[in-house]
Every structure is written in structure tokens, then in C-alpha cells.
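Chemist: Quick one: the structure is below, questions incoming.
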Amino acid sequence: MNVFHSVISVKTVQTKHLDKSHWNMTKLPLLGKTLNELKTIAVELGMPAFTGKQLADWIYKKRITSIDEMSNISLQNRNLLNEKYEVGRSIPVESQVSVDGTIKYLFRTHKNQFIESVYIPEEDRATLCVSSQVGCKMNCLFCMTGKQGFSSQLTPTEIINQYYSIPESEKLTNIVFMGMGEPMDNLDNLLTSLEIMTSDYGMGWSPKRVTVSTIGILPKMISFLEKSTCHLAVSMHTPFADERLKLMPVQKAYPIESVIEELKKHDFSKQRRVSFEYIMFNGLNDTMRHAIAVVKLLKDIPCRVNLIRYHKIPEIDLDSSDEARMVSFRDYLTNNGVMTTIRKSRGEDIFAACGMLSSLKHS
């Protein structure tokens, strides 16, 4: 049970302790390897290069958990693989179920640290919110992950494992990189993971089903836009520089105005989508002055704004805007050409809602 339950009124939460095992530190994981990497492994072990494609098929399509299950690879070659490698799947060590059906999973990393992922079921979709780092360097005022601080980058194995190792894996329709960490701060491992998710040899997902969030680390965001076609979500939270700097230290290095100017150079009128995340704080960023400025700032960008209720975290003197203010804000933006929605809050009672993920208590 979360140590900060005193912050909100919490109903009984179902917690399951699923597994206490560690990663196998003596063998290298195959999960999280690209097709080219799997071919290289096969050749280095004296196998034909096409064995790499067979490995990818078993791992990503057939979802096996053991090399011994790879029946179209000879016993001799399976033994060779087993000497140094394993599939590399690792199930969650704990899960918590919200009253609204949201499930938060706790995973152990190779470095014996912990991350959280969130499964969000809806009528017509099932989304997994994945983490990209243990903690985060960005220290946004309103985010518990930022308060945890940064510990390490997640490997492609640890990112992809979040998808493959939850019981609901085959029900998933969407993935959002909105869990712990700043995805662009782990760009190389992010891009490898996205390749596996969207390639025919891997998960075979359409890029339209994957959204990557960022607070706007410009050089890496540009690289992401050039090397991936997945959707992008940018954390704005206020259109005014002085206010944003108080909320998000990144504003000093990469002002939101500069981020938006860069986005105007890219085409979001077809398959790819850009959205802006806007957590609404009572009396801070929810006035008509802010709404007018958001419309002005986003002029000429085909986009969507997602308004998000602030979820209270310990020791931070901020409150959420009320429903009426959020509706008024939404209506003004939509009526002035900026498609805007109010995102439904999910999993707050288990600290799984936006800005509430933290594995600090497990460290």
C-alpha cells in the first residue's frame, strides 16, 4: 500500500505480490534485440543469419519465455544459445488494482531497482503506460517521479518487457510513453524499442498506436521526429515562460516557444499526430488569459490539447482546477480552432494517475 495514502481518500486496494525473482545476471537477454542484432548473435555462434529471423519470430510473435521452446531450431543450436543467452522476460513483482479497473504493475530492473507501469482498460481500447527511466532528471514541480530523482536508464529489454510480461499483454491496443522518466532523455533505447514495436519482425504495431511524451528536449525531440513516425505528446502546462519555468526547469534550456516553432516545421496534417498535455492548476494556469495565449501559441499547428486534472502529491502546495473551469477552458480552445479534450482521471487511489508514479519506496 502506498505510503502517501494520507494525501487522498483511498478505498481498499487489491495488492498482489507476483514474483520476487531477480533477473538472470549470468545470461544476456534476447528480448529487446533488433532483428539485425539477433542475426549478429546467430552468426557469432556459427548459425545461419536466417536464424536471427527465427529468434525474432519466437520472441516477438510467438511470445515464448524459454529458448527450449524454439522447436524449429536444432537442439545443438538451442544449447549453444542457452549457454550465454535467455529470452529475458521478467514478470512484475507486484500489482495494485484501482476501483476503476486500472492496474499498476511494479517491475524489477537488471540493476535491482524498480519501475512502475500502468494498464488502463476502456470500453474500446486498452492502453499500457510504460516507463523509460528509473526516476527522472527533470524535476517538474508537480511530478512524483521527478521528486524521486534519477537512478538509471531503462534498456530496450526493460522497456519491451513491460509490454510482454503483464497478463493483459494480448489485449493491448495502445502504448503511451508517459510513465516514469523523460523518454527523449533515453533516446537511443527509446528508438530501439520503437523499432521493435513497429517492425514486421517485432510486434508489428502501427506507429499510430504508440505515443511518446516529452517536456521538450529540443535536439532529441528533433531526432525522434526524424527517425520515428510515432505520435508525439508535448507537456506545455502553461503558455507563459515565467510560469512554466517555476513548474518545469526545462523551460530555461528549451522554452516552449522554441519547441512549438520547431514543431511548425513538421507535417502533422496526415497520419502522425502531435498533442499538448496541459495539467490544470487552480488559480495558476486556468484563466481566460491563459486560454487566449494557448490559442495564439498553437496557431497553424494541427493538434489536440489534453486537459488533465492535477493529482495531489505530498508537500506540493498546488490544487486542481474544478470541473467547471476545465469545461470552460476546453470550450474556449475548441471554439477557437484548437481541438481540446478533458482526459479522464484513472487510478488515483493507487497512485497510478498522471504525475503520481514513483518507485522510491521500493528502493
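Chemist: Using only Cα atoms and rounding to the nearest 10 degrees, what angle (0 to 90) does helix 35-44 make with the longest principal axis of the chain?
Modeler: For helix 35-44, the angle is close to 30 degrees.
Chemist: Another question, if that's okay. With an 8 Å cut-off on Cα pairs and a minimum separation of 6 or more residues, tell me the relative contact order of segment 230-318 in percent.
Modeler: The normalised contact order for segment 230-318 reaches 37 percent.
Chemist: I've got another one for you. Sum up the charges of everything whose Cβ sits under 15 Å from the Cβ of Val134, counting Lys and Arg as +1 and Asp and Glu as -1, but leave Val134 out.
Modeler: Within the 15 Å Cβ shell, the charges total +1.
Chemist: Okay, next question. In deg cm²/dmol, rounded to 500, what helix-only [θ] at 222 nm does the chain give when every DSSP H run of at least 4 residues adds -39500 (n - 2.57) and the total is split over its residues?
Modeler: -8000 deg cm²/dmol
Chemist: Net charge around Met47, counting only other residues with Cβ within less than 12 Å of its Cβ (Lys, Arg = +1; Asp, Glu = -1)?
Modeler: +2
Chemist: How big is the shadow of the Cα convex hull of segment 251-353, averaged over all directions, in nm²?
Modeler: Orientation-averaged projected area of the Cα hull: 7.9 nm².
Chemist: Could you pull out every residue, at least 5 positions away or on a different chain, whose amide H is within less than 5 Å of the one on Asp100? Hs are placed 1.01 Å off N in the peptide plane, and Pro or chain starts have none.
Modeler: Those lying under 5 Å, H to H, from Asp100 are Gly347.
Chemist: Evaluate the relative contact order of the chain (contact order divided by residue number), counting alpha-carbon pairs under 8 angstrom at least 6 apart; express in whole percent.
Modeler: Computed over the chain, the figure is 17 percent.
Chemist: Could you list the square roots of 5 times each eigenvalue of the Cα gyration tensor of segment 158-262, that is, the equivalent ellipsoid semi-axes, sorted largest first and rounded to whole Å?
Modeler: Rounded to whole Å, the semi-axes are 28, 14, 11.
Chemist: Among Gly52, Leu191, Cys354, whose Cα projects farthest towards the positive end of the dipole of the chain, with charges put on the beta-carbon of Lys, Arg (+1) and Asp, Glu (-1)?
Modeler: The residue sitting farthest along the positive end of the dipole is Gly52.
Chemist: Mind listing which GluC sites (Glu not before Pro) in segment 160-210 are in a DSSP loop and have 14 or fewer other Cβ atoms within 10 Å?
Modeler: Passing sites in segment 160-210 are Glu168.
Chemist: Any idea how many Lys pairs in segment 28-86 come in under 13 angstrom at the alpha carbon, given 8 or more places apart or on separate chains?
Modeler: For segment 28-86, qualifying lysine pairs total 4.
Chemist: If you don't mind, there's one more thing I want to ask. For a quick check: with amide H placed at 1.01 Å from N, whose amide H comes under 5 Å from Ala233's, ignoring anything fewer than 5 positions away on the same chain?
Modeler: HN-HN under 5 Å from Ala233: Val212, Ser213, Thr214, Ser275.
Chemist: Could you give me the percent of Cα pairs per 10 Å distance bin for segment 30-146, shortest bin first, beginning at zero and ending with the bin that holds the maximum distance?
Modeler: Calculated over all Cα pairs of segment 30-146, the distribution is 12, 32, 27, 21, 8, 1 percent.
Chemist: Apply the Karplus parameterisation 6.51 cos²θ - 1.76 cosθ + 1.60, with θ equal to phi minus 60°, to every residue of segment 186-200 and state each ³J(HN,Hα) to the nearest whole Hz, in sequence, with x for glycine and proline.
Modeler: Here the 3J(HN,Hα) series is 10, 4, 4, 5, 4, 5, 4, 5, 5, 4, 5, 5, 10, 8, 4 Hz.
Chemist: Full extension from Glu122 to Glu261: what is 0.36 nm times the residue separation minus their Cα-Cα distance, to one decimal in nm?
Modeler: Length gained between Glu122 and Glu261: 46.6 nm.
Chemist: Still on this structure, please answer the following. For the chain, take the longest principal axis of its alpha carbons; what is the angle in degrees between that and the long axis of helix 288-297, to the nearest 10 within 0 to 90?
Modeler: 50
Chemist: With each label point set 7 Å from Cα along the Cα-Cβ vector, what nm distance links Asp319 and Phe50?
Modeler: Going by the 7 Å Cα→Cβ label model, 6.9 nm.
Chemist: Principal axis extents for segment 224-279, Cα atoms only, whole Å, descending order, please.
Modeler: So the extents along the principal axes, rounded to whole Å, are 34, 21, 15.
Chemist: Rule-of-thumb check for segment 311-363: C-alpha Rg over 2.2 N^0.38 Å?
Modeler: 1.48
Chemist: Which translational diffusion coefficient, to the nearest whole µm²/s, is obtained for segment 28-86 from the Stokes-Einstein equation, given a Kirkwood hydrodynamic radius over C-alpha pairs, 10 °C and 1.306 mPa s?
Modeler: It diffuses with D of about 144 µm²/s by this estimate.
Chemist: Mind listing P(r) for the chain? All alpha-carbon pairs, 20 Å bins, whole percents.
Modeler: 29, 56, 15, 1
Chemist: A further question on this structure: Once phi is turned into ³J(HN,Hα) by the Karplus curve 6.51 cos²θ - 1.76 cosθ + 1.60 with θ = phi - 60°, what whole-Hz value does each residue of segment 97-114 show in order, with x for glycine and proline?
Modeler: 10, 7, 5, 9, x, 5, 10, 9, 10, 10, 10, 8, 9, 4, 8, 6, 9, 9
Chemist: Using the basic label-point model (7 angstrom from Cα toward the beta carbon), what is the Asp68 to Glu243 distance in nanometres?
Modeler: Those two pseudo-labels are separated by 6.1 nm.
Chemist: Another one. Nearest 20 debye, what's the magnitude of the dipole of the chain about its Cα centre given +1 on Lys and Arg Cβ and -1 on Asp and Glu Cβ?
Modeler: So the magnitude is around 260 debye.
Chemist: Give me the angle, in degrees from 0 to 90, between the Cα long axis of helix 75-84 and the longest principal axis of the Cα atoms of the chain, rounded to the nearest 10.
Modeler: So the helix axis and the longest Cα principal axis differ by about 50 degrees.
Chemist: What ranking of Phe276, Phe150 emerges when the number of other C-beta atoms within 10 Å of each C-beta is taken as an exposure proxy, fewest first?
Modeler: So the residues, fewest neighbours to most, are Phe150, Phe276.
No value in this document is a laboratory result; all are computed from the given coordinates. Because the structure is predicted, anything quoted here is derived from the model rather than measured. Here Cβ is always computed from backbone atoms with ideal geometry, including for glycine, and neighbour counts include all displayed protein chains.
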